[in-house]
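Heads up, the thing below is written out as structure tokens.
The values are calculated or read from the model by the stated rules, or taken from the named source; none is laboratory data. Computed from a predicted structure; not experimentally measured. Cβ placement follows ideal geometry from the backbone for every residue including glycine, while neighbour counts extend to all protein chains displayed. Ligands, DNA and RNA are excluded from the accessible area calculation, which covers all protein heavy atoms including side chains. Shrake-Rupley method; radii C 1.70, N 1.55, O 1.52, S 1.80 Å.
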Amino acid sequence: SITNSPRLYYVSLSANGANSADVTVIVRIGATAKYKVSLKAGSIWARNVGAGRSYITGSAGDDIIVNLSAAQTVHVSVEYADV
């Protein structure tokens, strides 16, 4: 749980190759959707939000939330700071 304000620098989403269906992933900071990505089995999507010089921020106490549209396996990597 983030106690200050989150700064999201990088996010990567990787759908497992054994998934049986496509999955839509929504990355949120607090209640605000920042990215909506549709992934097929085995696909990868990544966003470097500015090579460490730029970021997406939220309000104090906002969590970084990843929602899936279907019960499939998606590996998530993020780089963030709690400042």
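Observations
- Mean separation of Cα contacts under 8 Å (6+ apart) over length of the chain, as relative contact order %: 52
- Taking the 1.4 Å solvent-accessible surface of segment 21-67 as the whole, the part contributed by carbon and sulfur is 48%.
- Scanning residues 5 or more positions from Thr73 or on other chains, those with amide H under 5 Å from its amide H are Asn16, with H placed 1.01 Å from N in the peptide plane.
- Residues with amide H under 5 Å from that of Tyr35, placed H, sequence gap 5 or more: Val27
- Total formal charge among the other residues, if their Cβ is under 14 angstrom from that of Leu8, Lys/Arg +1 and Asp/Glu -1: +1
- A full extension of the chain between Ala33 and Thr3 corresponds to an added length of 8.9 nm, given 0.36 nm per residue minus the alpha carbon distance.
- Annotation: amide H of Tyr80 within the under-5 Å range of Tyr9, sequence separation 5 or more or interchain, hydrogens built in the peptide plane.
- Given (i) 20, 57, 22, 1; (ii) 19, 48, 27, 6; (iii) 13, 31, 22, 14, 12, 7, 1, the label whose value is P(r) over Cα pairs in 10 Å bins from 0, in percent derived from this model: (ii)
- Average accessible surface for the chain: 57 Å² per residue, computed with a 1.4 Å probe over protein heavy atoms with every protein chain in place.
- Whole-Hz ³J(HN,Hα) from phi, Karplus 6.51 cos²θ - 1.76 cosθ + 1.60, for segment 65-81, glycine and proline x: 10, 10, 10, 10, 7, 8, 6, 10, 8, 10, 8, 10, 10, 9, 10, 8, 10
- Residue-wise HN-Hα couplings along segment 11-27, as the Karplus relation 6.51 cos²θ - 1.76 cosθ + 1.60 with θ = phi - 60° gives them from phi, are 9, 9, 10, 10, 7, 4, x, 8, 4, 9, 8, 5, 9, 9, 10, 10, 9 Hz; Gly and Pro carry x.
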